[in-house]
Amino acid sequence: MEKFKVKDNICLFTEKYSYNNTYVNVYLVRDESPVLVNVGPPEKSKDFMEVISESIPLEEIKIVLLLDSEREHVGAIPAFVSKLPKARFITSWLNYDLIINYTADIKLEMMREKWVLKSGKNRIKFFESMIPTPESLFVLIDGVLFTGSAFALDLKDGHIDESDRMEDIEELFHLYRNRAHKIGEYMEKLGAHEIEAIAPAHGPVLKGNVGDYIEKWKILSNTLKGQEKN
């Protein structure tokens with residue numbers, strides 16, 4: 001288990017998850033009401049809890065954001081629910097029935113588009129992204145965009161990557177080809193916001209060329225949409 005600082009108030013906890021170079025990420029945002037983004041897979045729940053508790057007592061976490069329903073990102077929900085009985089667990093409305101299947105003990109709230117939640121000095125903004133799956137969502141906190149599996153690249157220059165990954169970003173776009181024509185709309189929602197870093201559920205936190213990556217996906221999507229009309 002490794003820990004990295006994304007910003008002074010945001011930590012990345014990451015653990016190698018499979019036989020290849022794939023890591024699963026969980027994030028902690030310190031604030032008056034501390035926020036946890038995803039909880040990891042069930043077999044890593046103890047490891048994540050231990051390393052998170054070195055930074056903050058678990059019972060102080062007040063908000064848990066579940067960005068999709070994939071087992072490697074949220075399968076540890078039963079363990080975290082038992083340790084955080086007073087925390088708010090929040091996901092997308094499309095995710096609700098999928099998340100409930102992990103445990104009946106969870107008191108789950110459904111995010112809606114344009115929801116804004118305060119965690120103290122920070123405002124949490126929610127976006128329906130539907131990338132890579134219809135129930136996925138983006139969350140923006142203090143200039144960091146948490147994206148689930150979207151923007152998840154292979155490790156190259158470490159877990160905090162400020163290098164130029166434009167070729168990799170373009171290649172990743174085409175993996176979402178079944179939804180690629182809609183990606184431009186999702187990227188458009190982000191245009192009014194200052195984004196310093198992209199924090200995916202796998203791979204490195206991207207801190208270089210972030211605006212260019214978002215714009216590239218928008219251009220590729222709009223180009224594809226134009227080709228479909230012809």
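One table, with the values for the structure above:
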read-out	value
Whole-angstrom gap from segment 125-152 to segment 181-226, using each part's C-alpha centre	10
Computed helical MRE - 222 nm, the chain, DSSP H runs ≥ 4 contributing -39500 (n - 2.57), nearest 500	-8000 deg cm²/dmol
Cβ charges +1 (Lys, Arg) and -1 (Asp, Glu), total dipole of the chain, debye	680
Cα-based Kirkwood hydrodynamic radius, segment 35-116, one decimal, Å	12.7
Average Cα contact separation per residue, the chain, under 8 Å, 6 or more apart, as relative contact order %	16
Interchain or long-range residues, amide H under 5 Å from Tyr102's placed H	none
Principal semi-axes in Å for segment 70-203 [√(5λ), Cα gyration tensor, largest first]	26, 17, 16
Reference-scaled alpha-carbon Rg (2.2 N^0.38 Å with N residues) for the chain	0.97
Dipole magnitude of segment 1-128, debye to nearest 20 (Cβ charges: Lys/Arg +1, Asp/Glu -1, about Cα centre)	480
Rounded, prolate or oblate (a/c below 1.5 giving rounded, otherwise prolate when a/b exceeds b/c) for segment 142-187 by Cα gyration tensor	oblate
Listed residue (Leu153, Phe126, Val205) projecting farthest to the positive dipole end of the chain, Cβ model	Phe126
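Laboratory data are not the source of any read-out in this text; all were calculated from the coordinates shown. On a predicted model such as this, the values are computed, not experimentally measured, just so you know. Please note: Cβ atoms are built from the backbone with ideal geometry, for glycine as well, and neighbour counts cover all protein chains shown.
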